[in-house]
Number of protein chains: 2
Amino acid sequence: MDKQQLFENIKRKKSFLCVGLDTDIKKIPEHLLKEEDPIFAFNKAIIDATADLCIAYKPNLAFYESMGVKGWIAFEKTVKYIKDNYPDQFIIADAKRGDIGNTSAMYARTFFEELNIDSVTVAPYMGEDSVTPFLTYEGKWVILLALTSNKGSHDFQLTEDVNGERLFEKVLRKSQEWASDDRMMYVVGATQGRAFEDIRKIVPNHFLLVPGVGAQGGSLEEVCKYGMNSTCGIIVNSSRGIIYVDKTEKFAEAARTAAQEVQAQMAEQLKAIL
Amino acid sequence: MDKQQLFENIKRKKSFLCVGLDTDIKKIPEHLLKEEDPIFAFNKAIIDATADLCIAYKPNLAFYESMGVKGWIAFEKTVKYIKDNYPDQFIIADAKRGDIGNTSAMYARTFFEELNIDSVTVAPYMGEDSVTPFLTYEGKWVILLALTSNKGSHDFQLTEDVNGERLFEKVLRKSQEWASDDRMMYVVGATQGRAFEDIRKIVPNHFLLVPGVGAQGGSLEEVCKYGMNSTCGIIVNSSRGIIYVDKTEKFAEAARTAAQEVQAQMAEQLKAIL
């Protein structure tokens, strides 16, 4: 999927919502545990209930790996279900990978070749040759960690170098040498507020993947005010705030209602550019 | 396993070798492809051929994930095989994970609770709360990326802050607030040469996991000269230089010979401290 297609989906659905599939066997409704594959059953219901309201799904690999082989089966089935039934959805493997070249190449093969996923989140600490193997697949994206939503983002990401450039700014600047805004996005936490202004000075045209609205305390309004650009430029993720609002048999309906609320707010924000 | 046990194993075996199980279906001997689980068959043979010569095994998760469910099965079987047959081996899940707290906690559960692995490599970019969930398991270790062996290590890890402290030095210094040298190690690439001197000023007593000897060009002698401390303090990994030296039916014997050569060099280096 290219940047234009993504923007077309956003305009058509009046939504830039990504639903995070952080599916935890300990948190899903109890009645699903009798299913053969409870994780997939949960995901399928959530996806069917929200697909017209969002433009992306983001399965978080940690949640699947924590269940070993069963988790991988559920992950692969989930990706295939989305691809088969909602081919306009942008799938993000939230994996935060990054390793020496030959290893990053193996991860790229997994996500892009074997699973045909659209994008993968990558950590920048190991530099250029840990990222570029992910950039060799036509139409696939790297979503590079820049300024994350957690408290620990202050430990290293904000460190200023001798020229006053903070580490996350250096990541934004340097990584533009590796790929254009049609192949690379950046993770910027919704909790970072005004930092979006600084970020837009360095990457005015890139899409940003924005986690941290909802459970983590970020504000959608603030993110839009400082982060939105003329092609929207933001994909806002919500996980716990949508998938776990209800634990009864009505969990999917409740997820739909929660997604509808967010989508309505997004439609409102999109008026500024559409 | 604690630091003292690790040192005892090093003294007993006169080796601080870690064999990297970067097992790639495209690189293993052809005759293994007719096995039900070629990856596990390869690993089992390599492990049996080298276990008395090394003190650790490091399966690289990327190689297993690239084969999806089959890869995870092979990974789990490999870990179990080592635990059952060579319980003195220190197992490193080379995963380079690191995410927001609840996600890192899921990864920790996978590696430490489900699989009973001894340690996991973690990327520091997201800071304290992305690392500490891995530190809540008694006797388990975090191996934090500090100064890696690849060319891209220069992109961000060497960036100096306003006080002249480089990023990898800040990672070493700050992370000591999170755990002692009995729970934390650091990845330092063998290609980094004299930087080991600077690193030992900050972490004199910690173990360092050192990849990059062999295929990547690092020198064992130099690593020992600048990196060894009174309890050895280094675990040197070799992957391709041991497991892929021969692709015939004699691959395991050849791996043993390669491991013997490295072990002999290590025994020589250990004379300085034993």
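The values are calculated or read from the model by the stated rules, or taken from the named source; none is laboratory data. All values reported here derive from a predicted model rather than from experimental measurement. Here the Cβ positions follow ideal geometry from the backbone for every residue, glycine too, while neighbour counts run over all protein chains shown. Keep in mind that these areas ignore ligands, DNA and RNA; they rest on the heavy atoms of the full protein, side chains included. Shrake-Rupley method; radii C 1.70, N 1.55, O 1.52, S 1.80 Å.
For region B:1-46, GluC sites (Glu not before Pro) are listed when DSSP marks them as loop and at most 16 other Cβ atoms sit within 10 Å of their Cβ; the list is B:35, B:36. Residues of region A:63-86 that lose at least 10 Å² of accessible area (1.4 Å probe, protein heavy atoms only) when the other protein chains are present, relative to their chain alone, are A:63, A:65, A:66, A:68, A:69, A:72, A:73, A:76. Among the GluC sites (Glu not before Pro) in region B:126-188, those placed in a DSSP loop whose Cβ has at most 12 other Cβ atoms within 10 Å are B:138, B:177.
Between this copy and the others, label points of residue A:205 are 5.5 nm apart in ascending order, each placed 7 angstrom from Cα in the Cβ direction. The trypsin sites (Lys or Arg not before Pro) found in region A:176-232 that occupy coil by DSSP, while having at most 16 further C-beta atoms within 10 Å, are A:194.
As I understand it, the value is the acute angle between the Cα axis of helix A:38-50 and the longest principal axis of the Cα atoms of chain A; what does it come to in degrees, rounded to 10? Compared with the principal axis, the helix lies near 70 degrees. Note on A:89-95: average number of Cβ atoms from other chains within 10 Å of each residue's Cβ is 1.
Remark: the protein assembly as shown carries a charge dipole of roughly 160 debye about the Cα centre, counting +1 on each Lys and Arg Cβ and -1 on each Asp and Glu Cβ. Placing +1 on the Cβ of every Lys and Arg and -1 on the Cβ of every Asp and Glu, with nothing else charged, gives region B:1-154 a dipole about its Cα centre of roughly 420 debye. Taken as Cα centroids, region B:92-127 and region A:16-63 sit 22 Å apart, rounded to the nearest whole angstrom. Between residue B:182 and residue A:222, the simple spin-label model (points 7 angstrom out along Cα→Cβ) gives 4.2 nm.
Compared with the dominant Cα axis of chain A, that is its longest principal axis, helix A:251-270 is turned about 30°. A label point on residue B:139, set 7 Å along the Cα-to-Cβ line, lies at 5.1 nm from each of its counterparts in the other copies, closest listed first. Residue order by solvent-accessible surface for A:154, B:31 is A:154, B:31, largest first, with ligands and nucleic acids left out and a 1.4 Å probe. Over the protein assembly as shown, the reciprocal of the mean inverse Cα-Cα separation, the Kirkwood hydrodynamic radius, stands at 23.9 Å. Residues A:240, B:173, ordered by accessible area of protein heavy atoms at a 1.4 angstrom probe radius and largest first, appear as B:173, A:240. Taking the accessible area of region B:3-270, probe 1.4 Å, and keeping the other protein chains in place, the carbon and sulfur fraction comes to 47%.
Think of each Lys and Arg Cβ as +1 and each Asp and Glu Cβ as -1; about the Cα centre, that makes the dipole of chain A roughly 380 debye. In the protein assembly as shown, a dipole from Cβ-located charges (positive for Lys and Arg, negative for Asp and Glu) runs towards its positive end, and of B:134, A:157, B:21 it is A:157 whose Cα lies farthest in that direction.
Computed on protein heavy atoms with a 1.4 Å probe, the accessible areas place B:73, B:235 in the order B:73, B:235, largest first.
To the nearest whole percent, what portion of all C-alpha pairs in region A:3-270 is separated by more than 34 angstrom? Everything past 34 Å amounts to 14 percent. Between the C-alpha center of region A:139-163 and that of region A:208-242 there is a gap of 16 Å. Over the protein assembly as shown, give the accessible area per residue in Å² for a 1.4 Å probe, as an integer. So the protein assembly as shown comes to 36 Å² accessible per residue, rounded to a whole number.
Projecting 7 Å from Cα along the Cα-to-Cβ direction, the label point of residue B:177 sits 3.2 nm from its equivalents in the other copies, listed shortest first.
The interface between chain A and chain B buries about 5200 Å² of solvent-accessible area in total (1.4 Å probe, ligands and nucleic acids excluded).
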